[in-house]
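Engineer: So that we are looking at the same thing, I have put the structure below in structure tokens.
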Amino acid sequence: SLGLDVVGVRGFPDHHRFSEADIRALNNQADTLKAELVTTEKDIARLRTGSTSAMTLAQRTHVLQIGIELSVTDEARLEQLLNRGVAQPGKA
């Protein structure tokens, strides 16, 4: 919906610590594809506080702000899941 052509995707697990090899691979892939890098606010924060090469990668990366909208039905289901998680930690 943003009018972008996605030419490559590279996923990482939640709370991933970017290694020097990760950073080199991302830079190389973007250069090869003549692409712009895009990430979320959460991941750019880790790059901005990482190594010198991570901070350099952060400077060339665009940040995509995302949000969530819940319908009334979604909110009720989320509340049920949260309540069950509070009542039985680890079993949400």
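Engineer: Look at segment 46-62 and say how many of its residues are among the hydroxyl-bearing types (Ser, Thr, Tyr) and surrounded by 13 or more Cβ atoms within 10 Å (Cβ to Cβ).
Structural biologist: Applying the first criterion (among the hydroxyl-bearing types (Ser, Thr, Tyr)) to segment 46-62 yields 49, 51-53, 56, 61.
Add one more test, that the residue is surrounded by 13 or more Cβ atoms within 10 Å (Cβ to Cβ), and what stays is 51, 53, 56, 61.
Total meeting the criteria: 4.
Engineer: For segment 63-79, give me each residue that is of a type outside the set (Asp, Glu) and either touching a Phe, Trp or Tyr at 6+ places or on another chain (Cβ under 8 Å) or loosely packed, with under 10 Cβ neighbours inside 10 Å (or both). Can you show your working first?
Structural biologist: Kept after step one, since they are of a type outside the set (Asp, Glu), are these residues of segment 63-79: 63-68, 70-73, 76-78.
The answer is Gln65, Ile66, Gly67, Ile68, Ser71, Val72, Thr73.
Engineer: Those residues that are open to solvent by 50 Å² or more (accessible area, probe 1.4 Å) and in contact with a strand residue (DSSP E or B) (Cβ under 9 Å, 6 or more places away or on another chain), I need them from segment 11-45; list them, please.
Structural biologist: Gln29, Glu36, Val38, Glu41
Conditions tested, residue by residue: (1) under 25 Å from Leu2 (Cα atoms); (2) more than 20 Å from the chain's Cα centre (by Cα).
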site: His15; (1), (2): no, no
site: Arg24; (1), (2): no, no
site: Gln29; (1), (2): yes, no
site: Thr32; (1), (2): yes, yes
site: Val38; (1), (2): yes, no
site: Ala54; (1), (2): no, no
site: Arg60; (1), (2): yes, no
site: Val63; (1), (2): yes, no
site: Ala76; (1), (2): no, yes
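Engineer: Determine the pairs where a residue that is over 15 Å from Ala58 (Cβ atoms), located within segment 18-38, has a partner that is in a helix (DSSP H, G or I) with Cβ atoms under 9 Å apart, the partner being 6 or more residues away or on another chain.
Structural biologist: Within 9 Å, the pairs are Ala35/Gln29.
The values are calculated or read from the model by the stated rules, or taken from the named source; none is laboratory data. All of these numbers come straight from a predicted model, not from anything done at the bench. With ideal geometry, Cβ positions are generated from the backbone for all residues, glycine too; neighbour counts draw on all protein chains shown. These accessible areas exclude ligands, DNA and RNA; they are computed on the full protein's heavy atoms, side chains included. Shrake-Rupley method; radii C 1.70, N 1.55, O 1.52, S 1.80 Å.
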